[in-house]
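Structure first, then comments.
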Amino acid sequence: DRLYGGRRAPVIGICAGGCVLPFCILSLGPAAYPDWMATSIPNLSFMILGCGSCVPHVLLGLLVREMTHPKAASTAAGLAKLMAHMGGAIAGAPLGYMIEQNGWGGGLALLSGLALVALCSMLPLWFKMAWTTKDD
């Protein structure tokens, strides 16, 4: 909150953008790493993915609540979470098809591209502040 003044979009964008590089590294496969780093590079990539993917999921509800009118905040947050969970439920089939056709490298490249799309979708909201009323 101190670094970005309570804005959620920059934090979500940075965390989503931080997932791009680990997905790219993992898509190269173990042959791209030296033998002495064969376990440390994937483990570090998975750690960064864990840190980067949980934050947007948690902050999405807060972001939507702050960007809408206070009377519609719960409805907007519920709708955003519904869309996020529906997307997560439906995403398995296209991702599985991509992995079948192109291997794990193609699937991870797709996830890297989607993380980049998530970063780009936060850019218009980067400098937006929370909704305030005249009573504040």
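The values are calculated or read from the model by the stated rules, or taken from the named source; none is laboratory data. None of these values were measured; they are calculated from a predicted model. Glycine also receives a Cβ, built like all others from the backbone with ideal geometry; neighbour counts cover every protein chain displayed. In case anyone asks, the SASA skips ligands and DNA or RNA and just uses the protein heavy atoms, side chains included. Shrake-Rupley method; radii C 1.70, N 1.55, O 1.52, S 1.80 Å.
Of the set (1) farther than 17 Å from S53 by Cα; (2) among the aliphatic types (A, V, I, L, M); (3) modelled with pLDDT of 90 or more, all apply to L111 but (1).
Go through the residues of region 55-68 one by one and say whether even a single one is over 20 Å from W126 (Cβ atoms) and of a type outside the set (K, R). Taking every residue of region 55-68 in turn, none turns out to be over 20 Å from W126 (Cβ atoms) and of a type outside the set (K, R).
For region 18-33, check the following and say yes or no: at least one residue is open to solvent by 60 Å² or more (accessible area, probe 1.4 Å), under 18 Å from the mean Cα position of the chain (by Cα), free of Cβ contacts under 8 Å to residues at least 12 places away in the same chain and farther than 21 Å from P124 by Cα. So far as region 18-33 goes, no, none of its residues is open to solvent by 60 Å² or more (accessible area, probe 1.4 Å), under 18 Å from the mean Cα position of the chain (by Cα), free of Cβ contacts under 8 Å to residues at least 12 places away in the same chain and farther than 21 Å from P124 by Cα.
When M67 is tested against (1) touching a helix residue (DSSP H, G or I) at 6+ places or on another chain (Cβ under 8 Å); (2) without any contact (Cβ under 8 Å) to a residue 24 or more places away in the chain; (3) within 20 Å of V117 (Cβ to Cβ); (4) open to solvent by 30 Å² or more (accessible area, probe 1.4 Å), just one condition goes unmet, and that condition is (2). Taking first residues from region 93-104 that are within 19 Å of L28 (Cβ to Cβ) and partners that are of a type in the set (S, T, Y) and in a helix (DSSP H, G or I), the Cβ contacts under 8 Å between residues at least 6 apart in sequence or on separate chains come to W104/S27. The one condition from (1) open to solvent by 90 Å² or more (accessible area, probe 1.4 Å); (2) more than 19 Å from the chain's Cα centre (by Cα); (3) modelled with pLDDT under 90 that H57 does not meet is (2).
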